[in-house]
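Only one structure is covered here, and it is reproduced in the block below.
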Amino acid sequence: MSRLYGRAAKGVRVVESVPRNYKQSTTIVSLLSLSGVEATMSLEGALDTAAFNAYCEQLLRESVNEGDIIVLDNLTAHRASRIEEIVKQCGGRVLWLRRIRLIIHRLKRCGRS
């Protein structure tokens, strides 16, 4: 993160470089249940819809049982995927997280007397 303020001689502009992360990233997708971590997949780079669909078809389908609830955030790859129909075929259901502000707001209201 770059600084908001800097010092320089009078009439000279402050110049700062900001380092970038150009390294390769690794994405890990897992199913977390009461019995532990299941159906783990790792891939190089970011998760896209095609990769998430492959995860759902090949790994998640084997791990989801009847009555299971899958909770997902609003990542675009999750929204565009086939996860709802795959989980429904297995007898489970999908819950989508609302925006985090609404959740925090409701939690704060619960703490008030």
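The values are calculated or read from the model by the stated rules, or taken from the named source; none is laboratory data. Source: prediction; values computed, not measured. Every residue, glycine as well, gets a Cβ built from its backbone with ideal geometry; the counts of neighbours run over all protein chains shown.
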- Return the pairs, sorted by first residue and then second, in which the second residue is loosely packed, with under 13 Cβ neighbours inside 10 Å and not hydrophobic (A, V, I, L, M, F, W, C), the first residue lies in segment 70-86 and is over 10 Å from PHE52 (Cα atoms) and at pLDDT below 90, the beta carbons are less than 9 Å apart, and the residues are 6+ apart or on different chains. ASN74/ARG98; ASN74/ARG99
- Only one of (1) surrounded by 13 or more Cβ atoms within 10 Å (Cβ to Cβ); (2) closer than 30 Å to TYR22 by Cβ; (3) among the charged types (D, E, K, R) fails for GLU84. Which number is that? (2)
- Message: I'd like the full set of residues that are among the charged types (D, E, K, R) and under 19 Å from TRP96 (Cα atoms), limited to segment 26-56.
- Response: ASP48
- Note on the structure: For segment 64-76, the count of residues that are outside any loop (DSSP other than H, G, I, E, B) and either charged (D, E, K, R) or touching a helix residue (DSSP H, G or I) at 6+ places or on another chain (Cβ under 8 Å) (or both) equals 3
- Item | Selection count where residues are free of Cβ contacts under 8 Å to residues at least 24 places away in the same chain and at negative phi, scope segment 28-57 | 14
- Within segment 77-100, track down each residue that is within 18 Å of LEU34 (Cβ to Cβ) and either assigned to a loop (DSSP other than H, G, I, E, B) or among the aliphatic types (A, V, I, L, M) (or both). VAL87, CYS90, GLY91, GLY92, VAL94, LEU95
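So in segment 12-39, with the set limited to residues that are assigned to a strand (DSSP E or B) and of a type in the set (A, V, I, L, M), which one is nearest to PHE52 (Cα to Cα)?
VAL29
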- Task: Only residues that are among the hydroxyl-bearing types (Ser, Thr, Tyr) and either touching a helix residue (DSSP H, G or I) at 6+ places or on another chain (Cβ under 7 Å) or surrounded by 17 or more Cβ atoms within 10 Å (Cβ to Cβ) (or both): list them for segment 25-62, please.
- Result: THR49, TYR55
- Query: Residue check: is ALA54 small (Gly, Ala, Ser), outside any loop (DSSP other than H, G, I, E, B) and at pLDDT 90 or above?
  - Reply: yes
- For GLY67, which of the numbered conditions (1) touching an Asp or Glu at 6+ places or on another chain (Cβ under 8 Å); (2) loosely packed, with under 11 Cβ neighbours inside 10 Å; (3) of a type outside the set (Asp, Glu) fails to hold? (1)
- Just one of the numbered conditions (1) modelled with pLDDT of 90 or more; (2) outside any helix (DSSP H, G or I); (3) of a type outside the set (S, T, N, Q) is not true of ARG61; which one? (2)
